[in-house]
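The next block holds one structure in the form of structure tokens; read it before the comments.
The values are calculated or read from the model by the stated rules, or taken from the named source; none is laboratory data. Just so it is clear, the model here is predicted, and its values are computed rather than measured. Backbone-built Cβ (ideal geometry, glycine too); neighbour counts: all protein chains shown. SASA here: full protein model, heavy atoms, side chains in, ligands and nucleic acids out. Shrake-Rupley method; radii C 1.70, N 1.55, O 1.52, S 1.80 Å.
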Amino acid sequence: MMNLLHDISLKPYNTFGIDVVAKQGFVELRCASDYDSFAEYISQNKQMLDHLFILGGGSNVVFSGDYDGLVVHPADPIDGGIRLLSSDGDICMVEARAGVVWDDFVSFCIRNGWYGLENLAGIPGTVGASPVQNIGAYGREAKDVIDRVHVYDLWHDSQCWFENSECHFGYRHSIFKEIGRARYLVDRVVFRLASHFVPDLSYKGLEEAWNSIDEHEREFVDDATLMSMTVRKVRNSKLPDPKYIGSAGSFFKNPVVDGDVYRHLKELYPNVVAFPAGDNKYKISAGWMIEQCGWKGRDMGEAGVYEKQALVLVNRGRCTGSDVVALAESVINDVYSRFGIKLNPEAIIV
Ligand code: EPU
């Protein structure tokens with residue numbers, strides 16, 4: 001039986017802390033039978049597909065007002081939701097249910113000697129969102145560790161697996177975003193992890209932090225745990241903790257431009273921060289451009305640009321969705337006028 005709740009504030013369910021409701025109800029999914037009953041409900045109420053929002057940890061979403069539809073939320077599973085499928089001495093295949101909190105999953109894997117997620121420690125959100133968004137940080141992306149993804153296809157009343165190569169993973173992108181949000185409901189993800197820990201220090205700031213750990217600490221804590229602690233430390237130095245400051249993480253994507261555009265920009269602004277993105281393309285740091293426009297640390301209404309990382313918009317207290325949208329538009333316009341580059345939100349505005 002599906003438990004459809006009404007008048008539930010979504011404030012605890014989005015890290016920006018915006019206080020709205022879903023006008024057609026709110027459903028939590030905690031076990032396999034909840035997913036089945038929800039899929040059954042949709043198959044009998046297909047019109048709901050146009051008014052359905054799948055809400056994971058709410059860490060990448062900004063509600064611009066009450067949601068005119070039904071919100072479904074894969075929640076922390078009753079049975080823990082993580083299991084080892086196989087292990088051959090080098091590779092461990094680990095399955096996690098969509099509602100598992102991502103960072104709990106990272107810690108659980110490290111404790112059990114399943115490695116590869118350390119650089120993704122501290123990312124808010126749920127396991128179910130990791131393939132949709134292809135979450136990434138500090139030189140690693142979810143696509144590097146995802147083996148396959150199991151989904152309910154709500155359009156066709158069926159279930160199927162997507163192998164990694166079928167997921168169309170790209171920078172903060174996947175097939176699950178491409179086809180429309182309400183088609184595929186992810187219910188579990190299988191990760192291909194390693195039995196031996198190898199640090200990934202490809203991100204510059206991480207190597208410095210890793211090398212500065214004192215020998216005494218290394219004696220008492222294993223390397224994988226130390227790496228995840230280092231990642232959290234670097235993260236906390238730049239990004240707000242959603243427990244204390246509402247935000248949706250990076251609000252904008254780093255724009256990827258052609259080589260010609262980059263070289264022209266470099267002539268005008270020799271300090272431009274950019275990274276090669278393959279194929280004669282460059283990823284320009286959106287944070288740098290926003291900072292150059294003087295937005296870092298500035299507020300508009302109750303929304304603000306975070307003082308330590310300009311890519312992040314934050315809730316200064318009683319922020320509404322329209323405050324965020326107004327601030328985002330001003331930032332986009334200013335960056336465009338100055339650099340001729342249009343920023344696109346990474347966060348989903350609903
Ligand atoms: N920079 C500035 N000013 C700023 C911010 C950044 O000049 O206000 C420049 C600095 O030179 C800095 C460089 O940009 O060295 C890169 O900054 P950072 O390492 O913080 O990375 P980012 O590109 O701004 C991305 C992800 C983050 C992820 C970090 C680290 C996106 C949209 N964001 O940010 O992901 O944690 O790299 O890997 O790709 C998220 O997606 O929510 C998120 C936090």
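For this structure, a couple of remarks:
- Considering region 211-240, and only residues there that are within 16 Å of the ligand (Cβ to nearest atom) and touching a Lys or Arg at 6+ places or on another chain (Cβ under 9 Å), the residue that is least open to solvent (accessible area, probe 1.4 Å) turns out to be Pro240.
- Exactly one residue out of Lys308, Lys296 is of a type outside the set (A, V, I, L, M) and in contact with a Pro (Cβ under 9 Å, 6 or more places away or on another chain), and it is Lys308.
- The residues listed here are Ala347, Ala310, Ala328; of these, the one that is crowded, with 17+ Cβ neighbours inside 10 Å, at pLDDT 95 or above and within 26 Å of Asp66 (Cα to Cα) is Ala328.
- Only listed residue being charged (D, E, K, R), in contact with a Cys (Cβ under 9 Å, 6 or more places away or on another chain), more than 16 Å from the ligand (Cβ to nearest atom) and open to solvent by 10 Å² or more (accessible area, probe 1.4 Å), chosen from Arg183, Arg148: Arg148
- Residue under evaluation Arg192, criteria (1) in contact (Cβ under 8 Å) with a residue 40 or more places away in the chain; (2) open to solvent by 80 Å² or more (accessible area, probe 1.4 Å); (3) in a loop (DSSP other than H, G, I, E, B); (4) away from the ligand (no atom under 13 Å from the Cβ), criterion not met: (3)
- Pairs, first part of a loop (DSSP other than H, G, I, E, B) in region 287-309, second within 8 Å of the ligand (Cβ to nearest atom) and β-branched (Val, Ile, Thr), C-beta under 6 Å, six or more apart: Tyr306/Val312
- Subset of region 134-144 (residues that are surrounded by fewer than 22 Cβ atoms within 10 Å (Cβ to Cβ) and touching a residue at least 40 places away in the same chain (Cβ under 8 Å)): Ala137, Gly139, Arg140
- Applying the set (1) open to solvent by 30 Å² or more (accessible area, probe 1.4 Å); (2) over 26 Å from Arg232 (Cβ atoms) to Val72 leaves exactly one unmet item: (1).
- Between Gly116, Gly125, Gly65, Gly69, the distinction of being under 14 Å from the mean Cα position of the chain (by Cα) and closer than 29 Å to Phe252 by Cβ belongs to Gly125 only.
- Matching residues, region 135-145, being within 10 Å of the ligand (Cβ to nearest atom) and not acidic (Asp, Glu): Ile135, Gly136, Ala137, Tyr138, Gly139, Arg140
- Candidates Asp76, Asp34 - the one that is in a loop (DSSP other than H, G, I, E, B), away from the ligand (no atom under 16 Å from the Cβ) and either under 20 Å from Trp102 (Cβ atoms) or over 22 Å from the mean Cα position of the chain (by Cα) (or both): Asp76
- Scope region 248-296; condition near the ligand (Cβ under 9 Å from one of its atoms), among the aromatic types (Phe, Trp, Tyr) and surrounded by fewer than 17 Cβ atoms within 10 Å (Cβ to Cβ); matching residues: Phe275
- Filter pass, Arg263 being out of contact with any Phe, Trp or Tyr (no Cβ under 8 Å at 6 or more places or on another chain), assigned to a helix (DSSP H, G or I), closer than 21 Å to Lys204 by Cβ and outside the structural domain of Ser59 (by TED's automatic domain parsing): no
- Ile245 open to solvent by 10 Å² or more (accessible area, probe 1.4 Å), under 28 Å from Leu55 (Cβ atoms), within 14 Å of the ligand (Cβ to nearest atom) and of a type in the set (Val, Ile, Thr): yes
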